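K.L.:
Next up is a structure, given as structure tokens.
The values are calculated or read from the model by the stated rules, or taken from the named source; none is laboratory data. Note that the structure is a prediction, hence the values are computed from the model and not measured. We place every Cβ from the backbone using ideal geometry, glycine too, and count neighbours over all the protein chains shown. Side chains included, ligands, DNA and RNA excluded: accessible areas come from the protein's heavy atoms. Shrake-Rupley method; radii C 1.70, N 1.55, O 1.52, S 1.80 Å.
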Amino acid sequence: MSWARCLPPDRRARPSPPRFKNYSATPIEITLSRAATSDGGTRGVLQTNGFRCHSLELPWRDNRSNVSRIPVGTYQLTWIKPRRAFSGFTELYWIHDVPGRVGILIHPGTLAGDRLQGMLSDSWGCILLGSHTGTYQGQPAVFASRRAVREFHDFMQKQPATLTIEDTHA
């Protein structure tokens, strides 16, 4: 028996509540709306009821592995422990069943440019999150990425979700 059970209820230690709380009993539906694209990357907004942040992906290169963003569509997200940590994160969301692709994650990073055009990139096809956007060395960038990913994880609480990706740019 835990010693904490011997204490009166008002004296027991309580875990601090998460910064975000998902009260939904239904599966979480997330939308990624892509807004602008260039050789420097594809900007977007990832949002659901109660959470919103910026995203950055590689430019469209016919869904080729390691050089292109993933196609528009609806995908399932699962909480996993990848083989290696990304910026200190040992658990991340994996995007399932991307046609012709494997290992697509949502993780921290700043740049997602086309390496074949001489751009810098922290992505090989994954989705990067950030709290705000700007430019870095002339490329589109997301900043405060680790914070945005941490807040996304706090909101999601390791629950599976559905991600719908749509292109809203011309």
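K.L.:
Tell me the residue from S87, S65 that is polar (S, T, N, Q), out of contact with any helix residue (DSSP H, G or I) (no Cβ under 9 Å at 6 or more places or on another chain), open to solvent by 50 Å² or more (accessible area, probe 1.4 Å) and farther than 22 Å from P27 by Cα, please.
P.N.:
After applying the criteria, what remains is S65.
K.L.:
Looking at the structure I just gave you, is A144 within 20 Å of S87 (Cα to Cα) and crowded, with 20+ Cβ neighbours inside 10 Å?
P.N.:
Judged against the criteria, A144 is not a match.
K.L.:
Name the single residue, out of those in segment 23-62 being at pLDDT 95 or above and assigned to a loop (DSSP other than H, G, I, E, B), that is surrounded by the fewest Cβ atoms within 10 Å (Cβ to Cβ).
P.N.:
The qualifying residue surrounded by the fewest Cβ atoms within 10 Å (Cβ to Cβ) is D62.
K.L.:
Just name the residue that is nearest to L32 (Cα to Cα) out of those in segment 148-170 that are open to solvent by 60 Å² or more (accessible area, probe 1.4 Å) and more than 11 Å from the chain's Cα centre (by Cα).
P.N.:
For segment 148-170, the residue satisfying everything is E166.
K.L.:
Could you tell me which residue of segment 82-115 is nearest to Q139 (Cα to Cα), considering only residues that are among the charged types (D, E, K, R) and not in a helix (DSSP H, G or I)?
P.N.:
Filtering segment 82-115 for residues that are among the charged types (D, E, K, R) and not in a helix (DSSP H, G or I), the one nearest to Q139 (Cα to Cα) comes out as D114.
K.L.:
Can T135 be described as among the polar types (S, T, N, Q) and either surrounded by 19 or more Cβ atoms within 10 Å (Cβ to Cβ) or part of a loop (DSSP other than H, G, I, E, B) (or both)?
P.N.:
Considered against the rule, which asks whether it is among the polar types (S, T, N, Q) and either surrounded by 19 or more Cβ atoms within 10 Å (Cβ to Cβ) or part of a loop (DSSP other than H, G, I, E, B) (or both), T135 comes out as no.
K.L.:
Would you check if T74 is within 17 Å of T48 (Cβ to Cβ), part of a strand (DSSP E or B) and touching a residue at least 12 places away in the same chain (Cβ under 8 Å)?
P.N.:
Yes: the conditions hold for T74.
K.L.:
Kindly provide the set of residues from segment 90-125 that are open to solvent by less than 60 Å² (accessible area, probe 1.4 Å), without any contact (Cβ under 8 Å) to a residue 40 or more places away in the chain and closer than 16 Å to W60 by Cα, ordered by number.
P.N.:
Passing the criteria: V98, R101, I104.
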